[in-house]
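The values are calculated or read from the model by the stated rules, or taken from the named source; none is laboratory data. Note that the coordinates shown come from a computational prediction; the quantities given were computed from them, not determined experimentally. Cβ sites come from the backbone with ideal geometry, for glycine too, and all protein chains shown count toward neighbours. Protein only, heavy atoms only, side chains kept; ligands, DNA and RNA dropped before computing areas. Shrake-Rupley method; radii C 1.70, N 1.55, O 1.52, S 1.80 Å.
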Amino acid sequence: MDRTILHCDLNSFFASVELLDRPDLWDKPVAVAGDPEARHGIILAKNEAAKAYQIKTAETVWQARRKCPDLVLLPPHHEKYREYSKKVNLIYSQYTDLVEPFSIDESWLDVTGSMHLFGTDGKGIADQLRQRLKDELGLSISVGVSFNKVFAKLGSDYKKPDATTVISRENYQQIVWPLPVTELLFVGRTAARMLEKYGINTIGDLAALPEHQLVKLLGKQGSKLSAYARGLDNSPVIPADQMPPPKSVGNGMTFRENLIELERVRSGLELLTDAVAARLRQEELLCTVVQVTIRDTNFKTITRQKPIAPATNLAREITGTALELVKSSWNLNTPIRMLTVTAQNLIPEGEGSEQLDIFGESEKGDRARVEKLERTMDAIRARYGQKSINIGTLSNDGQFIEPIRDHISFKDH
Ligand SMILES: [Mg+2]
């Protein structure tokens, strides 16, 4: 029997929460910006009126103001967004115990076993949820209803704001296949570029290609994407409390150009730790040990570890320790082909807080600024997807360091 899965996506989430307190701004163009006073502050979210001016998430305040001089900018309140996110998920959980939050404003619900209790089908539940969130919280969602998670997600993107889209076995070829391949979950920039080279532009193109050819192009990811495009995703909706916390978080990369000398090695490490630290923050974990694995062009590989105190989930601090490890164990004139940074011996965020007393006041202020910056980047990722940042980095001589293969591994046992 087919499953019935909903993907619920809060519309303009940060901006909508801010506007709950400012009904006077409802029909004015409004954006939430990391630092509204700074020209280079970054747009985190915008309302419908601002979208009409082509205001884009992740652009600078300066770029946004050029398009819309009257744009009203509000500072973000991340604590509030987390509270509302919890309230929303609590409402979802009244319809099924299978609720999997995907980000702060998106969740999957598997209602296969529970919709009969409400005397309706997936679309009926979706419409009820839209109405309830509007009535009880003043927020709107778009919902995709389908027989798998990937298509449900496409459905919630298909029509917004405040809409339900059903993608069924009968209509998925009409709805899904004409969409650009980049809309498909987990098609990153690298994969998209590769597919484009071979004339694969739509999800339908992807579905039409024999699986073995996609595997040749993209490896294991190719077979996954092929299945997604053909509606064969059978990954389960896993409730948040059943996901075990990771034992370690690592990110490794083979670089297109070998890394040599301090500044390029530092850039490589920054690129890797950025994703590691973001994942730690997402899991509310701190790392107490940093491990670096270095491989040279002859595939000689070394692995070194070092404790980091106080425990942290800030990229800047993890990069610092990783760099010390490289400096103390590697001749920086020997080209590096592959680097991996792994955060280990993870502890919950609360357990690390008393360790911060080793810092003086000015250090604490400096650290708070770094934390704010990195959490702002998390907010952009949450709003705009992983693709928005951490894909590439510039070394100090202005050269782009491009990964040819990267992976993030999460050990769950
Ligand atoms: Mg959203």
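Laid out as a table, the results:
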item	result
Spatially proximal lysines relative to Lys216 (Cα-Cα < 17 Å; intrachain offsets below 8 disregarded)	Lys197, Lys224
0 to 90° range, to nearest 10: angle between helix 315-329 axis and the chain longest Cα axis	30 degrees
Förster radius 30 Å - calculated FRET efficiency between Gln63 and Asp127 (Cβ-Cβ, nearest 0.05)	0.20
GluC sites (Glu not before Pro) within the range 135-203: DSSP coil, no more than 15 neighbouring Cβ in 10 Å	Glu170
Dipole magnitude of the range 177-229 about its Cα centre (Cβ charges: Lys, Arg +1; Asp, Glu -1), debye to nearest 20	240 debye
Cα centre as origin, Lys/Arg/Asp/Glu Cβ charges: the range 1-173 dipole, Debye	440 debye
222 nm mean residue ellipticity, helices alone, for the chain (DSSP H n ≥ 4; -39,500 (n - 2.57); rounded to 500)	-11500 deg cm²/dmol
Given charges at Cβ of Lys, Arg, Asp, Glu: the chain dipole, positive-most of Ala379, Leu73, Leu232	Leu232
Carbon + sulfur, % of accessible area of the chain - ligands and nucleic acids excluded, 1.4 Å	52 percent
Set of the range 80-101 residues, backbone N closer than 16 Å to the point 7 Å along the Cα-Cβ line of Ser114	86-101
Reachable lysines, given that their alpha-carbon falls under 25 Å from the alpha-carbon of Lys87 and they are not under 8 places away in the same chain	Lys46, Lys123, Lys134, Lys149, Lys153, Lys159, Lys160, Lys372
Lysines whose Cα lies under 19 Å from that of Lys306, excluding same-chain neighbours fewer than 8 positions away	Lys247, Lys327
Two-decimal log10 I(q)/I(0) for the chain, as the Debye equation yields it once each C-alpha is a single scatterer, q = 0.07, 0.09, 0.11, 0.13 Å⁻¹	-0.37, -0.63, -0.96, -1.31
With all protein chains modelled, accessible area of Thr319 [1.4 Å, Å²]	10 Å²
Candidates per GluC sites (Glu not before Pro) in the range 1-83, loop by DSSP, up to 10 other Cβ within 10 Å	Glu37
Amide H partners (placed H, <5 Å) of Asp121, local residues excluded	none
Sequence-distant residues sharing a close amide H with Ala45 (under 5 Å, placed H)	Val32
J(HN,Hα) series, the range 131-146, from Karplus relation 6.51 cos²θ - 1.76 cosθ + 1.60, nearest Hz, glycine and proline x	5, 5, 5, 5, 5, 8, 10, x, 10, 10, 10, 10, 10, x, 10, 7
Anisotropy class of the range 141-207 from Cα gyration tensor, a/c 1.5 cut	prolate
Charge sum, other residues only, whose C-beta stays under 14 Å from Arg369's C-beta, Lys/Arg counted +1 and Asp/Glu -1	-2
Charged-residue dipole, Cβ positions (Lys, Arg, Asp, Glu), the chain about Cα centre, Debye nearest 20	1180 debye
